[in-house]
Every structure is written in C-alpha cells, then in structure tokens.
Amino acid sequence: MINDNGQQTYSAARQNLFRLSLIRGVALIGQVLALIYFTAINPIGLPANAIALVLSIYASVTVATWQRSRMQVPIADHEFFIHLLADILFFSVLLYFSGGASNPFVSYYLIPISIAAITVSRRYSILIAVTALSAYSLLLKYYVPIAAIAPSSHHGASNGSLHVLGMWANFAVSAGIIIYFISRMASALKIQEQALALQREAELRNEQLLAVGTLAAGTAHELGTPLNTMKLLVDDMLSGTPDNQDAILLNQQIEQCKSTLKQLLTTAEQSQSKRLESQSVQSYFAAILERWQLMRPHLQAKINFADSPPSSAVFEPTIAQSILNLLNNAADASQNVDVNLSWNATRANIEIRDYGKGLDLGEVDRLGQAFVTDKADGLGLGLFLSQATLTRFRGSVSLQNAADSERGTLTQIVLPLESAVE
C-alpha cells in the first residue's frame, strides 16, 4: 500500500521486502543450477570461480534481506530503492562474467524495473530504469565473451551485432512502457483501493461511534448514583477533618467527574442546536489545558504557546474532548509531557511529546482502531474517538516515536480553524 506521498506504509514495506527476498531466492537457485549445468555437465567456458564468488555474496545478501524484513525497524522508501539497486548490481556482475548483453537472460533486468514501478515512487522507479538501461548499455562493450552464446556463432558478425542492438532497443522500449504506463496503472489502482478502503473504514467507524455513543449515554446515566454516594462520603470526611489532603484531592476528582458528565449533556445539546459562538483560540486551548491539569494534579507539564497572532474561531463541542483524550494518553505514558501550540488564520497545530516507552512498531498500523490499545488497562477508545472526531472536522492526528535519542511518542494534531458556522 502507498500513502499520499507515494511511500509504502510500514506493514506493506515489510511484506514487499519479504517478497523481494523470495524472488532473490528463486533467482539464486536458478543461477546456481545453471552454473552447475554449464560447468560440470555441459561446460561452455564460464569463469566458474568468479561467478561462484558473486553468487555466494548474493546469497548472503538474500539471507540478510529476509532477516531485515522480519525486523521491527521501519523500512523507508529509499531503503527499498537501494535493495533494487543491489539486485541490478549483482545481476550486472553475473552478466559481465557470462557473455554480457548477448546472454539470453539479460531481460531479467525487467524484474527490478517492474517491482520498482509497482512499489516505490515515480522518481525512484525512473532511477531504477535508467540504472538498468545504463548497465545493459555498458554490457554491450564490457564483458567476458562466451563463444557458445555469442550471436556471431549463429549469424554473421554484422547480423550478430544488429541482433544484440535489437535486444537492447527492445529492452529500452519495454522499460519505458513499464515505467510510464504500468506505474501509472498501478498508481491509479492503488488510489482506487485506498478510496474504497477509506470508505469502508468510515462506514465501520460510524457504526462503532454509534455503538460507543449509545454505551456512553447509558454509562453516564449509571455513573450519577455512585458519584453522588462518593460525594456524600467525602463530604462527611471533610466535615470531620477539613485539612485531609487525600479527601480534598478525592473531592476534586469527583467534582471533575460530575463536571465531565454535565459537559457530555451540554455537548450533545450544542451539537443538536448548532448554536456555536466564535471564541479566542488561545483562550480555548488554555481552558482545555487547565482542565487537563486539574485532572492530572501530579503531572509535570511544560506548555508553550508560540507567538501566534490573535485569532478567533468556532469550535465544535466534541473537539475539546478529543484533544483531552490525546493529552491523557501522553500523561498515561509518562509524568513529564511537553505541549507546544501554534496557529494562524486557518489552522492550529498541537504537538504533544511524552517520555514513555514509545510506540510498538509491530502494532503501529493498528493504533487508532476501536478497542486496540497498547496500555495494559486501556479500553482502546481514546485514540479511536479522537481520530474519528478530528477527521470528521477535516483535522488530523498522527503518532510517531520521538526522533531524538530519548524514548517517547510525539503526537501531532492539525485542526482547521473555522471563523463562522457553516
């Protein structure tokens, strides 16, 4: 699968590299069998020692590629490109020792070109085609001649040269067709598949949201009674020992829970009525962060508001809860969280950095799906609901491991700012 930037997703890149290792294995077995046949059974003068050395190195690279495909480290697009370049290099060396461009297997160059056209971006696929064509062209002049497969042994010298040049021209045309037409067809098919996948995901997400919303309404109703009971008990504790810090903290948390339940009802009413007013962007985010810090009294939060121009916008009621969910995810991961906010007239950017263990690369493609979580006591709904809400209002959220040497996760939120109710 290719994303909007023409790059493979994490899981697709691993699968493609694994398949490439299988292709290498098949080609390697065929080359070893051919070497044995044309040296031991039907000798034709091949430099067996040199070819055997190249095949040994190629076998080591094939095994390393297979092991690399099983590792959890992400495979970037340029790394896959380098693997295809390595295939061209090894195959060119083998052809050099076995007749050059007159070798009937020279058309194998089309295999890495075809793989590139389907898997990597257009820029990389063109580079692969140019590299293969350049290698083919060099093999017209530089190679170890093998009399048994030289065209001159079957045709006249002139006709033999024309035959080899014709093979080269056919290869050049075939490579051009693959890169121009096949890559475009593959891209169109991928775009269509992505659109269908996004539509299916949206339908599934809407069904899940409806189920979660129904469950949330019933749960909110049921939580009212136990919260009132705890409130009475805590009030009795405070009446006897007003300076009991644990009781004071517990009372604050109960009030926060009750406030959250009231906010749930208010949000539903506002969503139905659509009576939304424009408000200051900075005040809106400051209120969310203040509420978050009340929920997390022991959190060490470093909050930075960038020097952004004063701006006002209309915010849908459910956006605040989505941001809070992502902030709470970071607070669950570590006690130290950095939050950076910036905005302009059209959009706001929020970066949330925690210092926890980071993302499990084996599960990163599944994060954001309903009931999928990397926390032992998590429900798998926070990130799902946040992504669904922000996507609904043309926003986005992305998670990645921190780029520096320290562990942790960087969550990036992009939120369009609407100046008026549509």
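Just so it is clear, none of the values below were taken in a lab; they were calculated from the coordinates. A quick note: this is a predicted structure, and the numbers were derived from the prediction, not measured. For neighbour counting, all protein chains shown are included, and Cβ atoms are generated from backbone atoms with ideal geometry for every residue, glycine included.
A few points about this structure:
- As an equivalent ellipsoid, region 10-201 spans semi-axes of 34, 22, 12 angstrom, where each value is the square root of five times an eigenvalue of the C-alpha gyration tensor, largest first.
- In region 10-201, a dipole from Cβ-located charges (positive for Lys and Arg, negative for Asp and Glu) runs towards its positive end, and of Leu138, Ile128, Ala34 it is Ile128 whose Cα lies farthest in that direction.
- Added length on full extension, which subtracts the Cα-Cα distance from 0.36 nm per residue, Ser107 to Asn170: 21.7 nm
- Between Ala64 and Val314, the distance separating the two model label sites (each 7 Å from Cα on the Cα→Cβ line) works out to 5.9 nm.
- The modelled label-to-label distance between Asp246 and Ser11, using points 7 Å beyond Cα along the C-beta direction, is 4.6 nm.
- Candidates per trypsin sites (Lys or Arg not before Pro) in region 78-146, loop by DSSP, up to 13 other Cβ within 10 Å: Lys141
- Given R0 = 60 Å, the distance between the Cβ atoms of Arg184 and Lys231 translates into a calculated FRET efficiency of 0.40.
- Estimated FRET transfer efficiency when R0 is 41 angstrom, pair Asn336-Leu261 (beta carbons, to 0.05): 0.85
- For region 286-349, the pair-distance distribution built from all alpha carbon pairs, in bins 10 Å wide starting at 0, is 18, 52, 27, 3 percent.
- Dipole magnitude of region 10-201, debye to nearest 20 (Cβ charges: Lys/Arg +1, Asp/Glu -1, about Cα centre): 240 debye
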